[in-house]
Amino acid sequence: MATEDIVLYHYFYSPYARRIVWYLALRGIPYSQCLQPPMMPRPDLARLGIAYRRIPILSIGRDVYLDTRLQLRKLEELPWPAPKLASSKGDEQALERLLESLAVDSGVFSTAAALLPTDLPLLQDPAFQKDRSDFTGVEFSAEGLQRARPELLREFAGMFELLETTLLADGRDWVLKTEGPGLADIEAVWPVHWMVGIPGALPVKQFSPAVYPKVYAWIKRFNDAVVAAKKNMAEPRTLSGEEAAELITKSAFHDAQGSVDAEDFVVEAQGLKNGDVVTVSPTDTGASKKDAGRLVSMDKNEVVFETKAEGGSVRVHAPRHGFRVRMRGTSAVL
Ligand SMILES: N[C@@H](CCC(=O)N[C@@H](CS)C(=O)NCC(=O)O)C(=O)O
């Protein structure tokens, strides 16, 4: 597979994007990047006919994948020479999934986001505040965040404690006692790595390496492993929005076309079939940005729809977990 086949749309300080950047580095998978502004609008994604606003977005060939949970699964399927990062054992896979769910679904990320120091220049920008109010559906308020801070710190300390006293308690290097960092490490490390790297986010006294020595040593080990892995591969090529869209729309599809599962609950309830125009949107954050496209396939793992992009069309994949699919009409014009 050539370097050009994978494009990551992201911005550097996105902790979600790091999950993918780290994964690609640890497996030595070459990719290109298309750097995005930290807030809307994102015309580079509009070129692909995509309204989804969350970062990162990953394309492999002419397939575009939304949400890091689906992106990691797709990357894990790549038969790239470096070993895969997920475990092949059921109980360990369960732990990987539970760690993913802990960070993404159970509020660890949103707690961390609310702990960002409100004097960060970006957080002081009224345009950014308005953008994030639209993203979360909750009015941004620096005073509100300050008031909630003690409870939020208590919540976030729970993540440190869990890691220190259970997963890392026996002094292992990596969560699943692997030779190097695995998927379970990525799933567990990213929220704490993010917060530890932002001065002022966490009070030094209660969150010091003296209080959580194993967690801090593991974060450092993980960071060193990623830095070493990055040295072994070429820097990603940075593409403009035009270049990225051209590359993607001129590529072949990466995934074989699937079908619409007639017994799926949503398919049955809405009478969906291949070719219908559907809207697809996340159910948690960024829900106000709905995509529309022609339904290609839908099964228990993903919904795939085709959007009109500049210079062609692309197939967009969203995971079923955390996404809503609705019929927009059989004859609707895109
Ligand atoms: N569940 C999504 C969440 C992604 C997410 O919330 N990303 C943040 C950036 S770290 C975001 O999109 N923030 C709003 C924005 O950048 O527009 C995923 O796993 O990809």
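The values are calculated or read from the model by the stated rules, or taken from the named source; none is laboratory data. Everything numeric here is computed off the predicted structure, so don't read it as measured data. When we count neighbours, we look across all protein chains shown, and the Cβ atoms used for this are built from the backbone with ideal geometry, even at glycine. Ligands, DNA and RNA are stripped out before the accessible areas are found, and what is left, the full protein with its side chains, is counted by its heavy atoms. Shrake-Rupley method; radii C 1.70, N 1.55, O 1.52, S 1.80 Å.
Please get the size of the charge dipole for the chain, origin at its Cα centre, with Cβ charges of +1 on Lys and Arg and -1 on Asp and Glu, quoted in debye to the nearest 20. Walk me through the intermediate numbers first.
Values: 40 positive and 44 negative charges, 67 e Å.
That gives a dipole near 320 debye.
I'd like the carbon and sulfur percentage of the solvent accessible area for the chain, probe radius 1.4 Å, heavy atoms only, ligands and nucleic acids excluded.
Whole-percent figure for carbon plus sulfur exposure: 56.
If you bin the C-alpha pair distances of region 176-334 every 5 Å from 0, what whole percents do you get?
Once binned at 5 Å, the Cα pair distances of region 176-334 give 1, 7, 12, 12, 12, 11, 13, 12, 9, 7, 3, 1, 0.
Mind putting a number on the dipole of region 90-225 about its Cα centre? Charges go on the C-beta only, +1 for Lys and Arg and -1 for Asp and Glu, and I need it in Debye to the nearest 20.
Magnitude of the dipole: close to 440 debye.
List the residues whose amide H sits under 5 Å from the amide H of Y31, counting only those 5 or more places along or on another chain, with H placed 1.01 Å from N in the peptide plane.
Residues meeting the amide H criterion: R237.
Cα gyration tensor of region 1-153, axes a ≥ b ≥ c as square roots of the eigenvalues: rounded (a/c below 1.5), prolate (a/b > b/c) or oblate? Walk me through the intermediate numbers first.
Values: a/c = 2.49, a/b = 1.40, b/c = 1.78.
Judged from the Cα gyration tensor, region 1-153 comes out oblate (a/c at least 1.5, b/c at or above a/b).
Pop out the ³J(HN,Hα) list for region 49-56 in order, Karplus 6.51 cos²θ - 1.76 cosθ + 1.60 with θ = phi - 60°, rounded to Hz; leave Gly and Pro as x.
Values per residue, Gly and Pro as x: x, 10, 9, 3, 10, 8, 10, x Hz.
Kindly rank 263-273, 10-20 from highest to lowest mean number of other beta carbons found within 10 Å of each residue.
Ranking, from highest mean packing down: 10-20, 263-273.
To one decimal place, what Kirkwood hydrodynamic radius in Å is obtained for region 1-80 from all pairs of distinct Cα atoms?
Numbers: mean 1/r = 0.0786 Å⁻¹.
So the Kirkwood estimate lands at 12.7 Å.
Taking only protein heavy atoms into account and a 1.4 Å probe, give the accessible area per residue of the chain in Å².
46
Non-local amide H neighbours of F323 (under 5 Å, H modeled in plane, Pro and chain starts lacking H): which ones?
Under 5 Å from the amide H of F323 lie the amide H atoms of T283, each far enough along the sequence or on another chain.
Kindly flag which residue pairs out of K130/K220; K84/K300; K89/K220; K89/K214 have an alpha-carbon separation exceeding 31 Å in this structure.
Numbers: K130/K220 35 Å; K84/K300 23 Å; K89/K220 27 Å; K89/K214 25 Å.
Over 31 Å Cα-Cα: K130/K220.
I'm a student and want to see the number: the projected area of the Cα convex hull of the chain, averaged over all directions, in nm². Spell out each step's value before the answer.
Working: hull surface 69.8 nm².
Projected area, direction-averaged: 17.5 nm².
Work out the P(r) tail for region 90-225: percent of alpha carbon pairs separated by more than 26 Å, whole number.
27
State, to one decimal in nm, how far the label point of D105 lies from the label point of E161, with both points 7 Å from Cα in the Cβ direction.
Using points 7 Å along Cα→Cβ, the separation is 2.4 nm.
With unit charges on the beta carbons (Lys and Arg positive, Asp and Glu negative) and the dipole taken about the Cα centre of the chain, which residue among Q270, V108, Y11 sits farthest to the positive side?
The Cα lying farthest towards the positive end belongs to Y11.
Once amide H atoms are placed 1.01 Å from N in the peptide plane, what residues at a sequence separation of 5 or more from A309, or on another chain, have their amide H within under 5 Å of its amide H?
HN-HN under 5 Å from A309: V314.
Using just the alpha carbons, could you tell me how many Å³ per residue the convex hull of region 107-151 encloses?
Numbers: hull volume 3.3 nm³, N = 45.
Taking the convex hull of the Cα positions in region 107-151, it is 73 Å³ per residue.
Would you mind working out the magnitude of the charge dipole of region 151-274 relative to its Cα centre, with +1 at each Lys and Arg C-beta and -1 at each Asp and Glu C-beta, to the nearest 20 Debye?
700
Using θ = phi - 60° and the Karplus relation 6.51 cos²θ - 1.76 cosθ + 1.60, list the HN-Hα couplings for region 69-81 in order, rounded to whole Hz, with x at every Gly or Pro.
5, 6, 4, 5, 5, 5, 5, 5, 6, 5, x, 5, x
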